[in-house]
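*Asks:* Input: one structure, supplied below.
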Ligand SMILES: [Zn+2]
């Protein structure tokens with residue numbers, strides 16, 4: 001017996017089709033007309049869009065910044081994601097000092113198993129280079145961890161030197177993987193923070209002023225040049241400035257194999273949120289910081305014209321009371337990050353699709369297909385096609401609401417998009433054939449998310465011919 005979603009419009013990154021989808025077991029068995037078989041359960045989805053389950057390639061659930069633990073763990077974070085239409089996330093495994101990469105990965109995986117509502121994978125954070133790192137990276141690729149995260153910021157913590165960055169790029173290229181890099185010049189930021197605090201400039205606004213656009217532009221330029229030299233594919237996480245976008249465009253004209261991620265906050269929130277004399281700006285302390293409005297305009301153009309490849313969230317939630325306010329008298333002590341995993345699709349639908357900045361296909365590309373392709377999950381994830389996992393979001397475009405901390409599903413006492421209107425809702429969600437959201441509510445008792453082995457970048461569609469199967 002299968003399930004037939006009947007009467008809706010299937011949306012892929014390529015086109016919209018008025019066809020039915022038949023699910024059998026965990027997979028999509030047929031996409032087309034008259035796909036029903038005897039004993040199938042038929043679900044009426046007239047007036048709805050059938051989107052592939054969204055893939056968030058950048059989350060921080062159950063993570064620690066310094067000594068502060070994120071408010072959302074794998075359970076609450078993935079549950080919020082699922083209710084927003086995200087069925088897969090890629091989080092991070094970061095080794096503690098002296099810990100092997102494999103050990104760090106295994107402990108993250110076991111933390112998430114049994115507690116994640118979404119399917120999941122991990123990027124491996126590399127914090128330095130030593131004799132064993134290369135062979136450890138090799139082991140990780142065999143365990144399905146095919147992307148390596150590097151930080152050019154957070155001095156004396158996660159930041160790597162150019163020497164380390166370059167060697168990891170070379171090894172990544174050799175292994176057929178992809179490097180994901182946080183591009184901000186951490187050395188310069190450190191100087192600017194020191195100078196600001198010395199001058200008595202301690203308010204949240206100085207978080208942004210000590211991380212100006214030039215520190216991102218410079219780091220993106222350096223990362224792109226070094227990745228090209230090492231012949232490594234490069235994924236720039238959370239790009240936030242028009243200058244950095246321009247750097248990547250120039251590099252692409254020289255043949256750089258580089259992909260850009262941005263996040264809803266860099267399209268929808270600007271640096272005026274830091275203004276005001278109270279501590280409200282502390283809610284918006286994240287890195288890179290929010291930018292002036294003209295950057296938002298350019299990033300939207302990048303999103304609509306395809307220069308920006310993916311929209312992930314960098315979901316990293318800290319309580320306003322008790323965590324963010326640790327930095328009320330010193331902005332450098334405010335834990336960095338904001339939530340977004342639940343709101344990503346509705347924000348992009350409301351402010352992108354409904355405002356005609358992008359079409360539905362582009363929305364699917366940014367939030368599902370491209371992240372799945374780049375990180376070795378496609379076509380298992382990221383599309384609605386025969387043979388793919390039956391991760392399907394039944395999107396009701398007639399639903400409307402307002403984003404609020406009073407109704408969101410984060411374990412959090414504020415929402416950075418408080419009061420934002422939202423159009424559309426993940427009315428029903430299927431994860432590997434099982435209905436997990438019904439009428440916008442969670443409809444399963446226990447988390448069923450599974451760990452995903454990811455293919456190396458070198459084996460993805462970027463090196464193979466695309467193949468689509470439709471009746
Ligand atoms: Zn992040």
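*Asks:* Mind listing just one residue for me: the one in the range 265-316 that is assigned to a helix (DSSP H, G or I) and within 16 Å of the ligand (Cβ to nearest atom) and, of those, surrounded by the fewest Cβ atoms within 10 Å (Cβ to Cβ)?
*Replies:* For the range 265-316, the residue satisfying everything is 284.
*Asks:* Related question: Of the conditions (1) within 16 Å of the ligand (Cβ to nearest atom); (2) not in a loop (DSSP other than H, G, I, E, B), residue 349 fails just one. Which one is it?
*Replies:* Every condition holds for residue 349 apart from (1).
Each row is one residue, and each column tells you yes or no for (1) free of Cβ contacts under 8 Å to residues at least 40 places away in the same chain; (2) under 30 Å from residue 409 (Cβ atoms); (3) within 16 Å of the ligand (Cβ to nearest atom).
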{"site": "116", "(1), (2), (3)": "no, yes, no"}
{"site": "130", "(1), (2), (3)": "yes, no, no"}
{"site": "135", "(1), (2), (3)": "yes, no, no"}
{"site": "151", "(1), (2), (3)": "yes, yes, yes"}
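*Asks:* Can you tell me which of (1) surrounded by fewer than 24 Cβ atoms within 10 Å (Cβ to Cβ); (2) in contact (Cβ under 8 Å) with a residue 24 or more places away in the chain is the one residue 406 doesn't meet?
*Replies:* If we test residue 406 against (1) surrounded by fewer than 24 Cβ atoms within 10 Å (Cβ to Cβ); (2) in contact (Cβ under 8 Å) with a residue 24 or more places away in the chain, just (2) comes out false.
*Asks:* Moving on to the next point. Of the residues that sit in the range 183-200 and are in contact (Cβ under 8 Å) with a residue 60 or more places away in the chain and within 16 Å of the ligand (Cβ to nearest atom), which one is surrounded by the most Cβ atoms within 10 Å (Cβ to Cβ)?
*Replies:* Step by step, filter the range 183-200, then rank; the result is 183.
*Asks:* Right, something else. Can you tell which of 101, 150 is touching a strand residue (DSSP E or B) at 6+ places or on another chain (Cβ under 7 Å), more than 27 Å from residue 447 (Cβ to Cβ) and surrounded by 20 or more Cβ atoms within 10 Å (Cβ to Cβ)?
*Replies:* One residue alone meets the criteria, 150.
*Asks:* While we're here: State which residue pairs qualify: first residue over 17 Å from residue 62 (Cβ atoms) and inside the range 326-350, second residue assigned to a helix (DSSP H, G or I) and within 16 Å of the ligand (Cβ to nearest atom) in any location, beta carbons under 6 Å apart, and separation of 6 or more residues or different chains.
*Replies:* Qualifying pairs under 6 Å: 331/207; 344/264; 347/264.
*Asks:* Of all residues in the range 328-343 being more than 14 Å from the ligand (Cβ to nearest atom) and surrounded by 24 or more Cβ atoms within 10 Å (Cβ to Cβ), which is nearest to residue 198 (Cα to Cα)?
*Replies:* Per the stated criteria, the residue is 331.
*Asks:* Report whether or not residue 373 is surrounded by fewer than 23 Cβ atoms within 10 Å (Cβ to Cβ) and either within 18 Å of residue 13 (Cα to Cα) or modelled with pLDDT of 95 or more (or both).
*Replies:* So residue 373 does not fit the description; no.
*Asks:* Suppose the filter is in contact with a helix residue (DSSP H, G or I) (Cβ under 8 Å, 6 or more places away or on another chain), under 18 Å from residue 285 (Cα atoms), crowded, with 16+ Cβ neighbours inside 10 Å and touching a residue at least 40 places away in the same chain (Cβ under 8 Å); does residue 211 pass it?
*Replies:* yes
*Asks:* Name the residue, out of 224, 248, 220, that is in a helix (DSSP H, G or I), within 16 Å of the ligand (Cβ to nearest atom), closer than 25 Å to residue 265 by Cα and touching a strand residue (DSSP E or B) at 6+ places or on another chain (Cβ under 7 Å).
*Replies:* 220
*Asks:* Taking the condition buried (at least 22 other Cβ atoms within 10 Å of the Cβ) and at pLDDT 95 or above, does residue 53 pass?
*Replies:* Yes; evaluated as a whole, the condition is true for this residue.
The values are calculated or read from the model by the stated rules, or taken from the named source; none is laboratory data. These figures come from a predicted structure and were not determined experimentally. Here Cβ is always computed from backbone atoms with ideal geometry, including for glycine, and neighbour counts include all displayed protein chains.
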